[in-house]
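Notes follow once the structure below has been shown.
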Amino acid sequence: MELIHGTHKASKSARQDFISNMPDNMVTNILDRLALRDAVRTSILSRNWRILLHLRGAITKFFLSIDEVIDDEDVNHWILLLSRKGIKELTIRNWHEPPLKLHTHLFSCLELKHLTLSNCYFNPPPTFHGFPNLLSLKLVVLFEENNNLGALFTGSPLLESLAVNDRRGLGKVKLVEFAKLENLKILFLILHGPDFEMIKSSGTILGSLSKLQELHLNFKDCRLTEGDANKRFSTSIFGLKYLRLTRICLDDGMKLSCALDLIRSFPNLQTLIIVALMRRPNICLMITVRGFQE
């Protein structure tokens, strides 16, 4: 069994929840006679989301888009069952506030290869030691104060693609932890002031990522001082082929200076994309350079 793809959206019929009020033996009898795709649709009507209890075999891919308010426990029941069914690709996108609180069952899904979470709280437990099979990770989440991301990165040695966005914008992700990702090829980051200063002042972070080929940096939340702008990058990264810089404000001389210095640190670039902004007038420019050379 490969894919379950659903959208949860409250409705009058959903609130009445006829399936949850039916006897368990009757629900089982009905589900056993339905094709998989038809059975999945019934889960939208079931408050307890019991359908996974009746699905046989492995479930390797699961996509959930949440459009309206939902009980966190419903989602966590799904995750608990998925953790027992060999889930390899999991996507949860929550389009509604508040952020979704995920149970620690998530961190027992050790067969995961691809994980995408949007608008959720992300707080690995102290006992978590990473996802040993993970290849790609995309987090647009709220990190807890004492997150255990060091264990996540150390225990995910196969990770090739990483995108991180702390929705609070408080820079709780310690960039020094990225140095542990020896197989990382693609990195997406939204920069904060301390992040950029750390990248500039030390070659340890990017320089240690020997397999890094693509780097995407968003300057949206980056606040720089004159001292930051005057610092120079301490190392050159020769393996990087693709660089995308987003939300560079052309009216901000310090950001522009830092961006140019950053570009000079990648002498073997083949593709450079800059998405630039101007505060007055409100203009967005995209500049693409291919076959780029210093």
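Assorted remarks:
- Looking only at segment 151-194, and only at residues there that are farther than 19 Å from LEU117 by Cα and among the polar types (S, T, N, Q), the one that is modelled with the lowest pLDDT: THR154
- The set of residues from segment 134-162 being in contact with an Asp or Glu (Cβ under 6 Å, 6 or more places away or on another chain) and either under 22 Å from ARG84 (Cβ atoms) or open to solvent by 10 Å² or more (accessible area, probe 1.4 Å) (or both) comprises LEU135, GLY150.
- Of the residues making up segment 95-149, those that are over 24 Å from LEU191 (Cβ atoms) and of a type in the set (S, T, N, Q) are THR104, SER108, THR127, ASN133.
- When GLY57 is tested against (1) touching a residue at least 40 places away in the same chain (Cβ under 8 Å); (2) surrounded by 15 or more Cβ atoms within 10 Å (Cβ to Cβ); (3) on the phi > 0 side of the Ramachandran plot, only condition (2) is not met.
Okay, residues lined up against (1) surrounded by fewer than 20 Cβ atoms within 10 Å (Cβ to Cβ); (2) closer than 15 Å to ASN133 by Cβ; (3) of a type outside the set (D, E, K, R):
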position: PHE63; (1), (2), (3): yes, no, yes
position: GLU97; (1), (2), (3): yes, no, no
position: LEU102; (1), (2), (3): no, no, yes
position: HIS105; (1), (2), (3): yes, no, yes
position: SER108; (1), (2), (3): yes, yes, yes
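The values are calculated or read from the model by the stated rules, or taken from the named source; none is laboratory data. Just so it is clear, the model here is predicted, and its values are computed rather than measured. Don't worry about glycine lacking a Cβ; one is built from the backbone with ideal geometry, like all the others, and counts go over all protein chains shown. Quick note on the areas: whole protein, heavy atoms, side chains included, nothing else; ligands and nucleic acids left out. Shrake-Rupley method; radii C 1.70, N 1.55, O 1.52, S 1.80 Å.
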